[in-house]
There are 2 protein chains.
Amino acid sequence: MIRITIIGSGNVAQHLIKAFSASPLVEIVQAFSRKKEALSHLLDSEKIVTEFTALKNADLYIISVSDNAISEVSSQLPFKDRLVVHTSGTTSIDVLDSKNKKGVFYPLQTFSKNKTVDFSIIPICLETKNQNDYKILETAAKSISNAVFSISSEQRKALHVAAVFVNNFTNHLYQIGQEICEEHQVPFKVLKPLIQETAEKIKTLDPIDAQTGPAKRRDSVTTNAHLGFITNENQKNIYKILTQSIQHNGKKL
Amino acid sequence: MIRITIIGSGNVAQHLIKAFSASPLVEIVQAFSRKKEALSHLLDSEKIVTEFTALKNADLYIISVSDNAISEVSSQLPFKDRLVVHTSGTTSIDVLDSKNKKGVFYPLQTFSKNKTVDFSIIPICLETKNQNDYKILETAAKSISNAVFSISSEQRKALHVAAVFVNNFTNHLYQIGQEICEEHQVPFKVLKPLIQETAEKIKTLDPIDAQTGPAKRRDSVTTNAHLGFITNENQKNIYKILTQSIQHNGKKL
């Protein structure tokens with residue numbers, strides 16, 4: 001049984017409290033929140049503390065606060081030599097105060113407030129400074145997820161950049177698709193099954209093998225017709241650059 | 001009961017034959033294929049014809065051949081004043097020979113050869129020159145799909161351009177994500193649940209409301225760090241342009 005304390009009351013903290021509460025391998029010792037009400041729907045009142053000095057002994061402290069507060073919070077903890085980790089995808093393990101043993105416990109997912117999350121399929125990226133700490137972190141992670149990975153701070157940077165491409169930028173392409181539809185009075189929902197299918201394919205195919213379309217076929221009649229059709233210069237520019245990129249197939253231009 | 005003949009033996013033709021065969025509202029009269037073997041796993045031998053002159057009377061002829069063959073095939077049909085449609089997303093209704101009544105029956109999906117397709121959720125985009133023909137086409141489409149839309153040739157062009165963004169370009173962003181992962185020895189599968197979640201969100205949220213990330217937050221510390229991290233000039237260029245586009249939020253630059 002691993003005894004865990006959560007520090008923070010935001011989205012990720014709340015989802016972690018829910019997931020760990022459901023696991024028989026883990027006990028939530030306490031959770032820290034500036035305001036008790038923020039967590040009172042998830043934990044018994046006596047487990048929620050509002051002062052760092054009230055924190056009891058635990059095997060693992062998970063700091064789940066905004067990126068720029070991690071360093072400050074870790075230095076305020078009134079104990080040392082315990083395992084303290086943060087949950088940030090973009091923050092180095094080194095921002096944690098050195099008086100405690102450091103680690104990262106990063107669930108790679110976008111969490112929405114009111115949406116139930118199936119934690120078992122969410123990848124959790126772990127990092128520690130030494131192997132013993134890693135085992136504790138791994139046991140905790142595996143108690144809620146089937147996708148646990150050892151990822152260094154450097155690898156985590158790469159993962160975050162890659163996530164911007166496959167999540168933020170992809171969503172923006174959906175938005176452009178919607179804009180083009182609306183400009184021509186086509187309901188965007190016509191495209192929604194295609195969006196699902198595009199993501200679905202990646203479960204079994206490498207993206208390079210799943211690539212289709214006029215750019216891939218080097219069908220310049222169609223790509224030129226599309227460029228003639230698009231009225232928005234920004235969209236046209238994105239169309240050109242992504243078409244070129246597909247044709248050069250990731251090679252440096 | 002609508003009596004349908006399919007002309008063609010490719011992916012789309014085969015998926016249509018399967019879907020119509022399963023519908024009690026439709027009868028497949030015949031299918032035309034240059035080679036009988038191409039369809040013999042789907043239809044009784046006597047229903048497969050290899051000569052246009054063998055085509056019997058039907059309520060609807062669906063030409064499902066490569067885009068550049070549609071015009072030629074439609075002009076070779078040895079009858080007139082019947083309803084003849086093509087299945088192409090990129091081809092105008094007007095390429096069909098005028099001796100017959102024209103229409104378009106365009107299932108908007110990427111069809112893979114060996115993958116079973118749930119036709120009921122595939123959007124089918126219909127167009128005809130007159131309203132009576134539209135009703136026949138609509139009845140046929142609704143017999144296999146719950147998502148039937150009236151889409152003009154002009155709207156179909158917009159839809160195809162939008163589909164390039166949400167399908168072809170999105171898949172290319174997946175590929176870049178994979179390249180960045182591999183460059184830094186991170187397994188790409190760590191990102192796969194995020195890809196699914198990104199597509200999933202669009203079922204209930206408008207893309208503009210689902211947008212997250214450093215570009216959206218105008219977090220230039222992170223976007224500059226990412227640009228410093230990316231080594232491939234092409235990827236860097238795409239990162240810059242999509243970040244700018246998110247920040248200008250679709251406004252013309």
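Bear in mind that the values in this text are calculations on the coordinates, not laboratory data. What you see is a predicted model; the values in this text were computed from it and never measured. Glycine gets a Cβ as well: all are built from the backbone with ideal geometry, and neighbour counts include every protein chain shown.
Descriptive notes on the structure:
- Length available on full extension from B:Glu233 to B:Asn57: 0.36 nm per residue minus the Cα-Cα distance, which gives 57.4 nm.
- Values of log10 I(q)/I(0), in the order q = 0.12 Å⁻¹, for the protein assembly as shown under a Debye, Cα-only, solvent-free model: -1.04
- Between copies, the label points at A:Arg3 (set 7 angstrom from Cα along Cα-to-Cβ) are spaced 8.2 nm, reported in nanometres from shortest to longest.
- Put in order of Cβ neighbour count within 10 Å, fewest first, the listed residues A:Thr231, B:Thr110 become A:Thr231, B:Thr110.
- Neighbouring partner chain Cβ atoms per residue of B:217-229, average, 10 Å criterion: 2
- Debye-sum result for chain B in log10 I(q)/I(0), which assumes one identical scatterer on each alpha carbon, at q = 0.12 Å⁻¹: -0.80
- Peptide-level mean, for B:123-134, of C-beta atoms on other protein chains within 10 Å: 1
- Peptide A:202-211 has a mean of 6 when you count, residue by residue, the C-beta atoms of other protein chains within 10 Å of its C-beta.
- The value for the range A:155-248 of Rg(Cα) / (2.2 N^0.38 Å) is 1.17.
- Shape category assigned to the range B:2-151 from the gyration tensor of Cα positions, a/c cut at 1.5: rounded
- Span from the the range B:98-137 Cα centroid across to the the range A:49-76 one, whole angstrom: 59 Å
- In summary, the lysines within cross-link reach of A:Lys47, defined as a Cα separation below 20 angstrom excluding same-chain residues under 8 places away, comprise A:Lys18, A:Lys35, A:Lys36, A:Lys56.
- Contact order normalised by residue count of chain B, Cα under 8 Å, 6+ apart, percent: 12 percent
- Helix-only CD estimate at 222 nm, as mean residue ellipticity for chain A, using -39500 (n - 2.57) per DSSP H run (n ≥ 4): -11000 deg cm²/dmol
- Note on the range A:151-186 and the range B:187-214: Cα centroid distance 8 Å, given to the nearest whole angstrom.
- Distance violations [Cα-Cα > 32 Å] among A:Lys203/B:Lys216; A:Lys216/B:Lys192; A:Lys102/A:Lys192: A:Lys102/A:Lys192
- Farthest positive-ward along the protein assembly as shown dipole, Cα basis, beta-carbon charges - from B:Ala38, B:Phe188, B:Ser23: B:Phe188
- A Förster radius of 22 Å combined with the Cβ-Cβ distance from A:Glu37 to B:Leu205 puts the calculated FRET efficiency at roughly 0.20.
- Residue closest to axis [chain B; rotation mapping onto A; Cβ; Å]: B:Ala199, 2
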